[in-house]
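The values are calculated or read from the model by the stated rules, or taken from the named source; none is laboratory data. Bear in mind the structure is a predicted one, so any value in this text is a computation, not a measurement. With ideal geometry, Cβ positions are generated from the backbone for all residues, glycine too; neighbour counts draw on all protein chains shown. For the accessible areas, the whole protein counts, side chains as well, though only heavy atoms, and no ligand, DNA or RNA atoms are used. Shrake-Rupley method; radii C 1.70, N 1.55, O 1.52, S 1.80 Å.
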Amino acid sequence: MTAITHLWPLDGLVLKTPRLELRTVTDQDLPALVDAAAGGIHEPGRNPFSTAWAEAPRAELGPRMAQWHWRNRAECGPESWTILLGIWREGALVGCQDVGAKKFAALKTVSTGSWLQRSAHGIGLGKEMRAAVVLWAFDWLGAEVAESEAAAWNESSLGVSRSLGYEPNGVHRTQWGTEVETVQQVRLTPESFKRPDWELQVAGHNAAAEFLAIS
């Protein structure tokens, strides 16, 4: 029987750090991911996302998350891709880190976003998982720029960015749900990247890069 990784090579991509394993979320993983999100991601009423998806009732949260993952898979190709990597710590799925790009062959630029269940906050996992995808992007994909953004009040996210060497890259005002937010954009290059003192372990890179037409 043909392995799923032959049909969908991104499912073979695995990034390992000292404490975490990052790999694509399969349909079998979705229930555990929904459970992690339903346990709470942020302070109630303080939405850090462009849509308040994490505040949806449990009956709506699961279908919305599944549709989001399916949509990203369906739209993934060399010209535009977003890879949603689950975050496993000690065998438990505790969050998600995404990395994506548009016109990567020309722009060599990736963007990232993430979330962690609240019980996993405050112990440096956000920095570790962001460092993992940035290392993969710079050292394995040949990216020249990594971008991210966060609401100006989101010191947790912006603190992770500063600790890794991201620099401010402008602000803009936008509407997230019913709220108007000032959003801080940040930018990182290989030269400004404050590399961790550990080495990233990568499996499944060649097949993933070939699927994304990255040489």
Check your understanding: When you go through (1) open to solvent by 50 Å² or more (accessible area, probe 1.4 Å); (2) closer than 17 Å to residue 22 by Cβ; (3) part of a helix (DSSP H, G or I) one by one for residue 156, which number turns out not to apply?
Key -> (2)
Exercise for review: Report yes if some residue within segment 118-129 is β-branched (Val, Ile, Thr) and either open to solvent by 20 Å² or more (accessible area, probe 1.4 Å) or at pLDDT below 95 (or both); otherwise report no.
Suggested key: yes
Practice item. Kindly provide the set of residues from segment 1-39 that are open to solvent by 70 Å² or more (accessible area, probe 1.4 Å), in a loop (DSSP other than H, G, I, E, B) and at pLDDT below 90, ordered by number. Key: 1, 2
Point to revise | Matching residues in segment 94-105 - criterion: being open to solvent by 20 Å² or more (accessible area, probe 1.4 Å) and closer than 24 Å to residue 20 by Cα | key: 98
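Consider residue 136 carefully, then state whether it is open to solvent by 20 Å² or more (accessible area, probe 1.4 Å), within 30 Å of residue 206 (Cβ to Cβ), out of contact with any Ser or Thr (no Cβ under 9 Å at 6 or more places or on another chain) and touching a residue at least 24 places away in the same chain (Cβ under 8 Å). Quick ask: steps written out before the conclusion?
Working: open to solvent by 20 Å² or more (accessible area, probe 1.4 Å): no; within 30 Å of residue 206 (Cβ to Cβ): yes; out of contact with any Ser or Thr (no Cβ under 9 Å at 6 or more places or on another chain): yes; touching a residue at least 24 places away in the same chain (Cβ under 8 Å): yes.
No; evaluated as a whole, the condition is false for this residue.
Which one is least open to solvent (accessible area, probe 1.4 Å), of the residues in segment 106-117 that are farther than 21 Å from residue 193 by Cα and not in a strand (DSSP E or B)?
Quick first cut of segment 106-117, residues farther than 21 Å from residue 193 by Cα only: 106, 115-117.
Keeping just the survivors that are not in a strand (DSSP E or B) gives 106, 117.
Numbers: 106: 82, 117: 38 Å².
In this case the residue turns out to be 117.
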Point to revise | Qualifying residue in segment 187-205 (condition: open to solvent by less than 40 Å² (accessible area, probe 1.4 Å), at pLDDT 95 or above and within 21 Å of residue 41 (Cα to Cα)) | key: no
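Results for (1) outside any strand (DSSP E or B); (2) touching a residue at least 24 places away in the same chain (Cβ under 8 Å); (3) closer than 20 Å to residue 96 by Cα, shown as yes or no for each residue.
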residue: 126; (1), (2), (3): yes, yes, yes
residue: 143; (1), (2), (3): yes, yes, no
residue: 165; (1), (2), (3): yes, yes, no
residue: 170; (1), (2), (3): no, no, no
residue: 173; (1), (2), (3): no, no, no
**Study point:** Residues located in segment 59-87, provided they are open to solvent by 20 Å² or more (accessible area, probe 1.4 Å) and aliphatic (A, V, I, L, M)
**Key:** 59, 74
Check your understanding: In the list 112, 178, which residue meets the criterion of being of a type in the set (Ser, Thr, Tyr) and out of contact with any Lys or Arg (no Cβ under 7 Å at 6 or more places or on another chain)?
Key -> 178
Check your understanding: If you go through segment 161-182 one residue at a time, do you hit one that is at pLDDT 95 or above and within 21 Å of residue 94 (Cα to Cα)?
Key -> yes
Check your understanding: Has segment 75-88 got at least one residue that is among the β-branched types (Val, Ile, Thr), under 15 Å from residue 116 (Cα atoms) and modelled with pLDDT of 95 or more?
Key -> yes
Review point. Among all residue pairs at least 6 apart or on different chains, which show Cβ distances below 9 Å where the first residue, located in segment 68-87, is more than 12 Å from residue 208 (Cα to Cα) and the second is hydrophobic (A, V, I, L, M, F, W, C) and open to solvent by 40 Å² or more (accessible area, probe 1.4 Å)?
Key: 68/53; 73/8; 79/105; 79/213; 84/68; 86/32
Check your understanding: What residue, of 161, 192, is touching a residue at least 24 places away in the same chain (Cβ under 8 Å), part of a loop (DSSP other than H, G, I, E, B), under 29 Å from residue 204 (Cβ atoms) and not charged (D, E, K, R)?
Key -> 192
Check your understanding: If you take the residues of segment 206-215 that are open to solvent by 40 Å² or more (accessible area, probe 1.4 Å) and either in a loop (DSSP other than H, G, I, E, B) or under 10 Å from residue 135 (Cα atoms) (or both), which of them is modelled with the lowest pLDDT?
Key -> 215
